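The values are calculated or read from the model by the stated rules, or taken from the named source; none is laboratory data. These numbers come from a predicted model, not from an experiment. Because the Cβ atoms are built from the backbone with ideal geometry, glycine has one as well, and the counts that use them run over all protein chains shown.
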Amino acid sequence: MDLAGFIDTFRDSIAQRVVESYPPLYRPSEQTVQLPTLLRRPLGAQADAIRGAALSLGAHQGTTVVGEMGTGKTFIAASAAHAAGFRRVLVLCPPHLVRKWKREVEETVPGARGAIVTSITDLERLRLLPRSGPLFAVMSRERAKLSFRWQPAVNERWAVAGGRLVRDEETGDPFRIPCCPACGEQVLDKEGVPLSLGDLSRRRRVCDVCNSPLWQADTAPPPPPPPLPARRLREAPDAGLLRPLRRRRGA
Ligand SMILES: [Zn+2]
């Protein structure tokens, strides 16, 4: 029996078990949840998905909307954040969907502004804007990942052979070589070729001998932010909203 057949045969027991394990927060037949005005009318089950997700957003730190392609997950998520009363929302999504999110948010939530941000500085600027309608800051998740800063972590010692300093063939100057901070071995790549500090800055590597990381998080303090009056603090994003998971057909 394949998975589809299994689900078909035991669907009632499976559904009962799911409801027992995950008691629903929202039952459309028993609860009435008022939806705020939206610029587009929810179709089919979208209204219930929005109500459920909004209730969940009010009760939990994270909420996941799952649905097939074309069921309107972006629309549901944007509407749910609005219905839950969030006025400042950060959207992290794949790079190719940044513009779609901005468009959908502005076509869905009355008075909302979608702003594409590419850096923390952009976010900081947005935060200082005068408060008007709901604000959705949309950022590519690849950008968000790139903001992690790191630097090589190695010791350097003078290159020595036979008790004498080795000199650079071209300049005639002695030079230093990067070494593992844990075991002290010279840092080589998998082929045994010595790596320079430049090589180590391009990619995060571990020591070939003892597996210690040859990089560390860059902890240099960022430039000090402008002082934050208490009033401003309240304008930080209300919710991080991740792009909903997509269930693949037949999965
Ligand atoms: Zn090592």
Problem - Options Asp173, Asp199, Asp189; residue that is of a type in the set (Asp, Glu), surrounded by 13 or more Cβ atoms within 10 Å (Cβ to Cβ) and either free of Cβ contacts under 8 Å to residues at least 60 places away in the same chain or within 8 Å of the ligand (Cβ to nearest atom) (or both) - result: Asp199
Exercise for the section: Please work out which one of (1) hydrophobic (A, V, I, L, M, F, W, C); (2) loosely packed, with under 12 Cβ neighbours inside 10 Å; (3) within 24 Å of Leu92 (Cβ to Cβ) is the condition Val19 fails and give its number. Expected result: (3)
Practice task
Return a yes/no flag: does the range 147-162 have any residue that is assigned to a helix (DSSP H, G or I), in contact with a strand residue (DSSP E or B) (Cβ under 8 Å, 6 or more places away or on another chain) and surrounded by 12 or more Cβ atoms within 10 Å (Cβ to Cβ).
Solution key: no
Practice task
Kindly list the number of the only condition in (1) in contact with a strand residue (DSSP E or B) (Cβ under 8 Å, 6 or more places away or on another chain); (2) closer than 16 Å to Pro134 by Cα that fails for Arg99.
Solution key: (2)
Problem - Search result, residues across the range 120-141 that are at pLDDT 85 or above and in a loop (DSSP other than H, G, I, E, B) - result: Gly133, Pro134
Fill in the blank from the handout: Filtering the range 102-119 for residues that are of a type outside the set (A, V, I, L, M, F, W, C) and modelled with pLDDT under 90 leaves a count of 2
Exercise for the section: Kindly indicate whether Thr32 is in a loop (DSSP other than H, G, I, E, B) and surrounded by 10 or more Cβ atoms within 10 Å (Cβ to Cβ). Expected result: no
